[in-house]
1. Residue by residue through the range A:44-58, note down the ones that are surrounded by 15 or more Cβ atoms within 10 Å (Cβ to Cβ) and closer than 19 Å to A:PRO79 by Cα.
2. I need the full set of residues from the range A:1-30 which are closer than 18 Å to A:ILE139 by Cα and out of contact with any helix residue (DSSP H, G or I) (no Cβ under 6 Å at 6 or more places or on another chain), in order please.
3. Identify the residue in the range A:189-212 that is away from every other protein chain (no Cβ under 14 Å) and under 19 Å from A:ILE122 (Cβ atoms) and, among all such residues, is farthest from the chain's Cα centre (by Cα).
4. Looking at (1) under 17 Å from A:ASN96 (Cα atoms); (2) touching a strand residue (DSSP E or B) at 6+ places or on another chain (Cβ under 9 Å); (3) more than 14 Å from every other protein chain (Cβ to nearest Cβ), which one does A:GLU219 not meet, given that it meets all the others?
5. Just one of the numbered conditions (1) farther than 30 Å from B:THR17 by Cα; (2) assigned to a helix (DSSP H, G or I) is not true of B:LYS78; which one?
6. Which one is modelled with the lowest pLDDT among residues in the range A:17-33 that are away from chain B (no Cβ under 11 Å) and farther than 16 Å from A:ALA74 by Cβ?
7. Can you tell me how many residues within the range A:5-52 are part of a loop (DSSP other than H, G, I, E, B), closer than 22 Å to A:ASN99 by Cα and of a type outside the set (A, V, I, L, M)?
8. Name the single residue that is surrounded by the most Cβ atoms within 10 Å (Cβ to Cβ) among those in the range B:108-144 being touching a Phe, Trp or Tyr at 6+ places or on another chain (Cβ under 7 Å) and touching a residue at least 12 places away in the same chain (Cβ under 8 Å).
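The values are calculated or read from the model by the stated rules, or taken from the named source; none is laboratory data. This structure is a prediction, so every number in the text was calculated from the model and none was measured. Here the Cβ is made from the backbone with ideal geometry for all residues, glycine too, and neighbour counts use every protein chain on show.
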Amino acid sequence: MKKKINNGFLYVASLDKIFLTAARYSATSLKDYWPEAHVTLFTHEEWVKKEDYELFDNIITRDVPNHPRAKLWALDKTPYKLTCYIDADTVIQHSNIKNIFKQFKKSSDITLTRARAYSASIDPTFSEGELTDHCGLFIYNDKSRTLNFMKNWWKLFNKQIQGKWQWDTRKYPEYFRQFDMWTYWWLQNKTDLKIKRSFFSKPDAIWNFIYNYKDEETEGKDIVVHHQPVPRSEMS
Amino acid sequence: MDKGRIMQLNEMKPNRTIKNPHWTNDKKNQIHCEFHYENGPIVNACVSDTNEGNPDWKEIFNIFDIKEIEQNTQTVIKNADYQRKFKKREKKEKTDAEKLDNLFNRKLEAFEISTVKNSKDKNLKSLIRKASNETEVFAYTAVLISKEMKNEEENK
């Protein structure tokens with residue numbers, strides 16, 4: 001069995017080529033600040049250009065589903081001991097990116113940033129809680145329990161979007177259906193599959209700064225990762 | 001009363017429920033309401049009193065008191081205000097999103113230029129990525145390309 005590399009970044013580009021364009025843009029910025037970073041890309045064979053192999057040191061195309069959340073399929077197939085999953089629509093803006101893996105709390109299985117309710121496109125609150133864990137950038141380990149969680153995240157999300165999983169809509173809004181953060185919340189709070197979670201140190205927003213966050217979220221520190229949705233007009 | 005006359009009256013005043021009456025003006029001499037007919041149709045109506053006495057006007061005031069009509073009027077005003085604000089916000093969000101899309105596209109295009117992509121000048125590349133408008137993207141891209149060309153000249 002191939003020995004796993006200690007840590008690396010994982011990008012996923014599927015469904016629309018614009019996500020691959022965005023992933024290239026993001027990975028280029030990552031390599032500018034950290035040329036030695038290990039970067040894996042999951043995408044489709046027919047989209048890959050020769051020069052992508054210079055940017056990504058590992059490109060996986062086999063069986064990658066053409067799916068809006070192909071990321072969930074890819075998570076348990078990481079080649080790293082410690083993985084930073086990062087959405088394609090991100091840009092690295094600071095050399096502190098080299099310290100991102102130090103943010104991982106060893107007592108946990110997954111380290112995330114907190115989503116800000118004011119920045120969400122939907123109301124993330126419900127009677128039992130709130131969707132607080134941002135699933136656009138996180139670090140996770142390769143323990144079998146963690147990878148099993150990721151596998152089940154993919155499985156349950158598919159049931160969710162296919163309408164095969166119905167929940168009590170008096171407790172949990174129906175409009176959560178298209179969100180993987182909801183699937184994650186359910187697995188973490190309502191099942192035995194849950195894994196130990198922790199959060200990036202404050203100001204956590206600098207590690208996953210969503211374009212509509214308030215400036216004060218950074219507490220005067222430099223943004224390391226900026227996160228902005230890909231242009232919808234470019235989607236085919 | 002003969003059968004034909006009853007039918008005629010029924011046609012003139014079929015079974016209906018009046019809903020949501022509210023003032024249409026500050027003079028309070030006109031009411032807007034909905035007539036919900038038993039067989040399904042809903043008719044929006046503006047009702048005013050007349051010299052002869054409008055039976056619809058009388059009917060409204062027999063069913064509803066002034067307080068209810070005032071409350072309905074306030075609700076209608078609030079809803080219209082909310083709708084106006086919502087549409088305004090929606091329009092602004094759309095415009096902002098389009099601006100962001102265009103800006104991001106310009107950045108992607110800049111990084112499609114091999115001189116920019118392969119440049120080792122982290123600072124200028126970072127400035128292009130952080131640019132907050134298209135002019136900044138063009139300006140920093142031009143500076144970077146010019147710098148790279150100069151470097152190339154010097155290295156010849």
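1. Across the range A:44-58, the qualifying residues are A:HIS44, A:ASP52, A:LEU55, A:PHE56, A:ASP57, A:ASN58.
2. A:LYS4, A:ILE5, A:ASN6, A:GLY8, A:PHE9, A:LEU10, A:ALA23, A:SER26, A:LEU30
3. Filtering first and then ranking leaves A:ASN189.
4. (2)
5. (1)
6. Here the residue is A:LYS17.
7. Of the residues in that region, 4 qualify.
8. Among those residues, the one meeting the criterion is B:ILE128.
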